[in-house]
Ligand code: PXP
């Protein structure tokens, strides 16, 4: 079964809006795991407008499922990840001012940079994943970075789903087949939702894990966290 990792950045965003500790990020992460999520994802950004660097260290001892830290590998980010020692680090090429991640890596032009950063994490025993779009050259070249996994950037799939889901999924199937052939394991994320997740999971072979934040937290406003997590897991049940 594909694992569900819940991105809890949005919970931190609500907390940060008032400066206090409501909602409590640590409690939310505990509850999310107890409600059945198989992982917790955080994405600390340099301005700390979502999850803060301290949050990551505070979360470390209570995350008993898979802990995934994603972000752009600045020196500060690399040091944080090496200190927190998550199960997985996902490298994202987002500039500091980006509202959210909006592109995958160009693995051709960033090859030696990625090799260096991935080498540091691998040496520390942390599984690596790189955020990537469906460009086949980028995927082919991702092998040379020595990453364990790729995370497919699913925003274009989500954007095209309502109009023509077969057309929207086609490049992702091709990308996933290539990745599998060359030995890369596959995660996916961005704009996945109760509307589009089931079809994606059914159509993408070898999918290991999805990380979902925005839509899941929005759904939780109506359904509550426990029911929402169950609903997302239901979408991932059957291949
Ligand atoms: N994967 C990566 C690399 C991301 O940056 C994000 C957003 O922070 C997600 C997945 C989750 O996207 P969404 O919040 O749209 O579910």
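Bear in mind that the values in this text are calculations on the coordinates, not laboratory data. All values reported here derive from a predicted model rather than from experimental measurement. In this analysis, Cβ positions are derived from the backbone assuming ideal geometry, glycine residues included, and neighbour counts consider all displayed protein chains.
Can you tell me which of 218-225, 133-140 comes out highest on packing, and rank the rest after it, using the mean Cβ neighbours within 10 Å?
Numbers: 218-225: 14.6, 133-140: 17.8.
Result, highest mean Cβ count within 10 Å first: 133-140, 218-225.
Can you give me the P(r) profile for region 182-239? Cα pairs, bins 5 angstrom wide beginning at 0, each as a whole percent.
Going from the shortest bin to the longest, the percentages are 4, 20, 30, 23, 14, 6, 2, 1, 0.
If the label point is 7 Å along Cα→Cβ of residue 87, which residues in region 31-56 have backbone nitrogen under 19 Å from it?
Residues 31-44, 56 fall inside that zone.
Using the Kirkwood radius over C-alpha pairs as Rh, can you work out the diffusion coefficient of region 27-68 via Stokes-Einstein at 25 °C, viscosity 0.890 mPa s, in µm² per second? Display every interim value, and only then the final one.
On the way: Rh = 10.6 Å.
It diffuses with D of about 230 µm²/s by this estimate.
Once you have the Cα-Cα distance between residue 137 and residue 109, take 0.36 nm times their residue separation minus that, and quote the gain in nm to one decimal. Numbers along the way, then the final one.
Values: separation 28, 0.36 × 28 = 10.08 nm, distance 1.14 nm.
Residue separation times 0.36 nm, minus the Cα-Cα distance, leaves 8.9 nm.
Dimensions of the chain along principal axes (Cα, Å, largest first)?
Result for the chain: principal-axis Cα extents of 46, 39, 30 Å.
Given just the C-alpha atoms of region 97-210, how large is their convex hull per residue in cubic angstrom?
Dividing the Cα hull volume of region 97-210 by its residue count gives 110 Å³.
Counting each DSSP H run of 4 or more residues in the chain as -39500 (n - 2.57), what helix-only mean residue ellipticity at 222 nm follows after dividing by all residues, to the nearest 500 deg cm²/dmol?
On the way: 11 runs with 107 residues, N = 239.
Counting only the DSSP helices, I get -13000 deg cm²/dmol.
Among 231, 209, which comes first, second and so on when ranked by fewest other beta-carbon atoms within 10 Å?
Details: 231 15, 209 24.
With the sparsest Cβ surroundings first, the list reads 231, 209.
Calculate, for residue 116 and residue 21, the FRET efficiency according to 1/(1 + (r/R0)^6) with r their C-beta to C-beta distance and R0 41 Å; round to the nearest 0.05. Let's see the in-between values first.
Numbers: r = 38 Å, r/R0 = 0.92.
After rounding, the FRET efficiency stands at 0.65.
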